[in-house]
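The values are calculated or read from the model by the stated rules, or taken from the named source; none is laboratory data. Predicted model only: the values in this text are computed from it and were never measured. A quick note on method: Cβ atoms are made from the backbone with ideal geometry, for glycine too, and the neighbour counts reach across all protein chains shown. Ligands, DNA and RNA are excluded from the accessible area calculation, which covers all protein heavy atoms including side chains. Shrake-Rupley method; radii C 1.70, N 1.55, O 1.52, S 1.80 Å.
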Amino acid sequence: PDLARALSRRGWFDLAEEIAERLQKSSKAPAADKSEAPLLLAEIQIEKVDREADPQKGKLLLDGAVDQLKKFVAANPDHAKSLDTKINLGWLQCRRAKILVDALETESDMDRVAALRREAFEIYTDAAKYYTTIIAELKAAKQTPAVDGALMDARLELPRAMMEHARIKGIDEST
């Protein structure tokens with residue numbers, strides 16, 4: 001996993017993905033590494049987003065990362081990294097919206113601007129709902145240090161999502 005991460009950071013995404021996919025399929029790989037392969041694939045997707053100039057391509061890459069994280073949580077609900085992964089799913093939703101908001105600065109087509117604003121608005125709304133749901137789930141869960149940490153993270157991320165949501169200019173909230 002460390003080699004794939006290092007390659008990804010250097011921009012060698014194809015090789016990093018190949019290593020992560022081999023790790024996921026390998027019968028000889030340690031169980032811990034094998035179970036975390038979807039996390040590794042998501043990290044690689046996120047590294048790609050950082051280097052992507054096209055907002056639509058960046059959004060699609062984030063969608064791929066979200067799919068990998070959901071796959072990890074579904075397969076490993078009791079894994080030590082599962083709670084952090086759930087919080088990161090909300091963070092990635094906000095990141096998707098931020099990509100769209102950033103694209104507003106360079107977009108000249110007013111219809112496209114309105115569509116980007118609406119989509120970013122909806123994504124931030126969904127992210128806030130997601131965090132609210134996660135907070136309720138964590139409050140109902142057996143309290144452990146990991147659950148308490150995840151609850152604190154979710155409580156911090158909710159107002160951030162709401163603040164970014166409020167910063168979108170030109171949106172009529174009744175729509």
Check your understanding: What area, in nm² and to one decimal, does the C-alpha convex hull of segment 94-152 cast on average over all directions?
Key -> 4.4
Check your understanding: Taking R0 as 35 Å, what's the FRET efficiency between L60 and A80 from their Cβ-Cβ distance, rounded to 0.05?
Key -> 0.75
Practice item. Could you give me the radius of gyration and the Dmax of segment 24-125, taking only the C-alpha atoms into account and expressing both in angstrom? Key: 16.0, 55
Revision key, fill the gap. Residue-normalised value, i.e. accessible area per residue, for segment 101-173 at 1.4 Å probe, in Å², stands at 63
Check your understanding: Which Rg and Dmax, in Å, describe the Cα atoms of the chain?
Key -> 17.7, 55
Check your understanding: So which lysines can K48 reach, going by Cα to Cα under 19 Å and dropping same-chain residues fewer than 8 places off?
Key -> K57, K59, K70, K98
Review point. Short version: ³J(HN,Hα) in whole Hz for each residue of segment 64-75, in order, from phi by Karplus 6.51 cos²θ - 1.76 cosθ + 1.60 (θ = phi - 60°), x for Gly and Pro, what are they?
Key: x, 5, 4, 4, 5, 5, 4, 4, 4, 4, 5, 7
Check your understanding: What trypsin sites (Lys or Arg not before Pro) in segment 16-64 are in a loop by DSSP, with at most 15 other Cβ atoms within 10 Å of the Cβ?
Key -> K28, R51
Review point. In nanometres, what is the gap between the two model label sites at A166 and A141, each 7 Å from Cα along Cα-to-Cβ?
Key: 2.8
**Study point:** Ranked by how many other beta carbons lie within 10 Å on average, peptides 149-156, 89-96, 122-129, 102-109 from highest
**Key:** 89-96, 122-129, 149-156, 102-109
Review point. What does the charge dipole of segment 89-175 about its Cα centre add up to, to the nearest 20 debye, if the Cβ of each Lys and Arg holds +1 and the Cβ of each Asp and Glu holds -1?
Key: 320
